[in-house]
Structure formats: C-alpha cells, structure tokens
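Quick notes on the structure that follows.
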Amino acid sequence: MRLQVCILTPDCVFQREEIDELILPTSTGQIGILRNHASLITALDVGLIISRNQSNWKTIALIGGFALVQKNQVTILVNEAVTASSVEEEEVTKTLEEANNRLSQVTEEKRKVEAVFAYKRARVRYQIIQWKKSNTIKYLKISIMSRYRGARLRVIRRLGRLPALTKKIPKRNTRPGQHGANRKKPTQFSYRLIEKQKLRFYYGISEKQLVRYIKIVQIAKGPTGQILLQKLERRLDNVVYRLGWAPTLPAARQLVTHGHILVNQKSVNIPRYTCSPHEVIRIRNKDKIRNLIETYSQNHIRKLPSHLSIRSEEMTATISNRESDRSEIPLTLNELLVVEYYSNRLSIQNLPKYKITFMYIICLEFFYHPS
C-alpha cells in the first residue's frame, strides 16, 4: 500500500494523491516518510515538501503548518501552499532581493522576526523555481544516500571507538559541537540510541537497512542480538575488511563498488551482498590493485575471524560453515540494547485511534486559533 497524502489549506483541499516517499520540512529539520511509518504529529517550517512517485520527484512550497502521519495516511495542514507553475521567476527574484535587503537593515527585535519570516517565504518560492529549472534533487543538497559522508571524527567523539570507520584518533575526548564539553545526563533512551548508532556507523548501513535486518532476525530462532551481528558480519564489504584487504570498511566498500572483488569467479559490486558458506572470494587480476592490497596486508596484520580462511599467495578467501563468534568482533557494543530499541520503536506503529484523534483536534485548534 502506498502513502496517501492530503494537503489542506484554509481555502480548499490543495492536493490529494498517492506517492511512494515524502520529505517534510519540520521545525527541527527534514524528515522522511515511507510506507508503514510510525504514527506522529509534527510542526512544519517554511520550506519545500518533496514527494516521489516511482522515479518522478516533485515539490510544493509551504508556509508553515502541521503534518499528521497515521497508517500510511499523511494529512498536511498549511497556511499557504504554492506550486512552481503559479509563480513567476522575475517577481520571485525581485521579492527575494527586497526581503534580503530588509533583513540586513532591520535592527529592532520584533521587526527582525517579521523580516526573517518574509525572507524565508521569498526564499522557498525562489527554491521551487530553481527546482523546476534543474528538475533534480541535487539542487537542494538533500542527503538521500544511505552512506554517511560527513566527518568521521565527530562520530568517534560522540559514540566512541569504531575501528572499521576510521583509523584516526581524535585529539579531544568531548562530544562534538558548541556545547559538547557540557555534561549531559544520559537517559535510558539515549543509551539504546547510542548503541544503535554505533552499529550503524560501524557497518556503514542506513536506518532502513538496519530495520530490514532487525525484522529478519526477529523471525529467526536463537539470540536476536547475536544473529543480527552474524548477518552483518557476512556482508561482502565487511568480509573484505575482515580479510585485511582494506584499512577501513569504507575503503572495503570502495573496492567492492569499483568491481575489484570476485565471488565464485563472478564480479559482485553490491556491498550488502550476503556471503554464503563455501563461496570463494578473490581479487580481480589487476596488478595495480593486487600490489596495493598486498602492500597493505603485509604492513597491517589483522586477526582473522574463525568463519573465514585465506590463502595469501593466491589472494583468495573461503567462507566456512561456522558463524562468527561474538568475541571476534572488535566492537564494544551491547547488541541487546539495539534489539530493545527497535522492539519499542516497531511496536508503537499501531497507535490507538483515540490518541491520534485527540492530537489531531489539538492540532486543528492551534492551527485556526493560534492566539
């Protein structure tokens, strides 16, 4: 079942359609909505609603409001909604320049708030025009890639040592950010969230991929946390890293995606590929790549896990029937907290209807009577 989206303005039903994916500009940042998303209600900021129908992306500019998500139905209440076809580029550009000049000249606090809102309103109209011209999601610099491309040392400072992510050691032990040095009392939720983030960044997987692994291991028999780690250890990019053919897991992912790794004499360029027992992994016959990997392997000797066997002369490896042992994984992690985190998150998707209805009434009351 696809997402059913309904956009309401004070005048009319602005739009009603079925889509595959939705990105909302909330007051705390962008949030993505997919099928079977947990029920929520959130305030919307001035920005662009981005929707995907199969492979087609389109946008709508909105001026504040609220969004309600419930059982694949998204109801959006906005003060104003604008499409690219309803605005002119010359008028929008002129309005944006005027709003920018006004913002730079205003000093009084009350008028500055009004100037900021006017600038945001003009900017979002300008963005939707640029979107129409470029017709690509890259213009808005939205990170829709599953791979993390940010600063790795910031992650290390927040989550702790992750040897597969980077070999660098941070000079400061405080949390990143302006207020990182301030002590913050941890909560039970923060403990579980940190453990989940450790697992994500160590193996370089997205939230969606991790949820998929969780749903698979919940059906399997045995300790859920241990089976989850065993599944992740058999990913092809992780196997290449554990064999010592790459300094970090991102480097191992690059070897896989560039087609330098063969599985049973066939090229596999999918990092998430799950290696099966008795499969033979080797490096493609290219002298430059082989010399690079051989040089690194000689200078950095890594302890080989029990489920892998390697022949260094031929630069090939074989997957055995054994599963990886928890003690062989060089990651300080309490996997039970990860299971508990998702057990709670996945169980609240079916929120009682009366709670959603009550929040919806409050949302409407605030929307039409803000004072």
Can you tell me which of Val239, Val69, Val92 moves the most in a GNM of the chain? Springs connect C-alpha atoms under 10 Å apart. Val92
Semi-axes of the equivalent ellipsoid for region 1-143, Cα gyration tensor, largest first, Å: 27, 17, 13
Work through the residues other than Ile63 whose Cβ is under 10 Å from its Cβ and net out their charges, Lys, Arg +1 and Asp, Glu -1. +1
Quick one: net charge of Val106's neighbours, Cβ under 11 Å, K/R +1, D/E -1? +1
Take the chain, connect every pair of alpha-carbon atoms lying under 10 Å apart with a spring to form a Gaussian network, then pick out the residue of His278, His179, His300 with the largest mean-square fluctuation. His179
Can you check what the net charge comes to around Val217, using other residues whose Cβ is under 11 Å from the Cβ of Val217 (Lys, Arg +1; Asp, Glu -1)? +3
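For the chain, state the semi-axes of the equivalent ellipsoid (square roots of 5 times the eigenvalues of the alpha-carbon gyration tensor), sorted largest first and rounded to whole angstrom.
Working: eigenvalues 412, 121, 95 Å².
Taking √(5λ) for each Cα gyration eigenvalue gives 45, 25, 22 Å.
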Among all stretches of the chain without exposed GluC sites (Glu not before Pro) (DSSP loop, at most 13 other Cβ atoms within 10 Å), which one is longest? 109-312
Among DSSP beta bridges lying fully in the chain, give the percent that are antiparallel, nearest 5. 90 percent
5 Å binning of all Cα-Cα separations within region 234-327, expressed as whole percents from 0 upward: 2, 14, 28, 29, 19, 6, 1, 0
Within the chain, what's the longest stretch lacking chymotrypsin sites (Phe, Trp or Tyr not before Pro) that sit in DSSP loops with no more than 16 other Cβ atoms inside 10 Å? 149-371
Can you pull out the trypsin sites (Lys or Arg not before Pro) in region 173-258 that DSSP calls coil and that have at most 10 other Cβ atoms within 10 Å? Arg183, Lys184, Lys221
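Could you work out the relative contact order of region 1-143? I mean the mean sequence separation of Cα pairs under 8 Å and 6+ apart, divided by the number of residues, in percent. Kindly include the intermediate steps, with their values, before the conclusion.
Details: 264 pairs, mean separation 29.1, N = 143.
Averaging sequence separation for qualifying contacts and normalising by length gives 20 percent for region 1-143.
Read-outs: derived from the displayed coordinates by stated rules, not from any lab. All values reported here derive from a predicted model rather than from experimental measurement. FYI the Cβ positions are ideal-geometry reconstructions off the backbone, even for glycines, and counts take in every protein chain you see.
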